[in-house]
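Beneath this line is the structure, given in structure tokens, with notes to follow.
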Amino acid sequence: MNEDEDFLAEHAQLAGAQAEADAERIRQEAEDATADPAAQQEWIRQSNLIYGGLGAAGLVVVQPFLTEPSLDPSAMVCVIAFAVSIPLLAALLVLNRQEEFRRRASRSPLVGLAKAVAQGSAFVGITAAFWHMSMIAGIVFLAVGFVAVGVHSSGYVRLEYDSKFRSRFTRRRVPEA
């Protein structure tokens, strides 16, 4: 029985070392991909499209509320969310111009936070606008928005990571005791 336990412990140790080596190799490949100038240029182009579209949507959605004397709660959430996102989206668009000029993306943590806040608050603002029109429309937009993120993620992974990359994650068999 002791030999079996020793074998399993040794196998676990070897598997752990192999997993660490695999994780380090994958981390290095991800860093290399992130440092690729062509990939950075494409991310900047996609960001321009996202920020411009969300900013324009925010301006269009908020416009009818400008002349309203009072706002119901969903309209107030919409207006406040876009009050947060529109200036951040504008700043990110201007930053993207500088990133295009320098041909590299910014790695500032503050920029990363601004991206998350701007996009998140724009999503909240659009959801609240739909909610203002119809609670059902707001719920549908919210649900389909999460599905859309999954669709994009799935497509992105399929495009960016070939079968060679996925083959690194095959299940390993553990010897039967």
Between the Cα axis of helix 2-35 and the main Cα principal axis of the chain, the angle (0 to 90°, nearest 10) is 40
Cα-Cα pairs above 24 Å in region 17-128: how many percent?
-> 41
Under a 1.4 Å probe, what is the accessible area of the chain per residue, stated in Å²?
-> 72
Gaussian network model of the chain, Cα within-10 Å springs - most flexible of PHE101, PHE130, PHE65 = PHE101
Here region 127-135 yields Karplus 3J(HN,Hα) values (6.51, -1.76, 1.60; θ = phi - 60°; whole Hz; Gly and Pro given as x) of 4, 5, 5, 5, 4, 4, 6, 6, 4
Choice from ALA21, ALA118, ALA83 with maximal GNM fluctuation in the chain (Cα, 10 Å cutoff) | ALA21
Of the accessible area of the chain, computed with a 1.4 Å probe and all protein chains kept, carbon and sulfur make up a percent value of 65
With charges set only on the Cβ (+1 for Lys and Arg, -1 for Asp and Glu), what does the dipole of the chain come to about its Cα centre, in debye to the nearest 20?
-> 920
Residue-normalised 222 nm signal for the chain, counting each DSSP H run of n ≥ 4 as -39,500 (n - 2.57), nearest 500 deg cm²/dmol, is -29000 deg cm²/dmol
Shape call, region 84-160: gyration tensor on alpha carbons, a/c limit 1.5 = oblate
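The values are calculated or read from the model by the stated rules, or taken from the named source; none is laboratory data. No experiment lies behind these values; they were computed from the predicted model shown. Backbone-built Cβ (ideal geometry, glycine too); neighbour counts: all protein chains shown. Heads up: the accessible areas ignore ligands, DNA and RNA and are worked out on the full protein's heavy atoms, side chains in. Shrake-Rupley method; radii C 1.70, N 1.55, O 1.52, S 1.80 Å.
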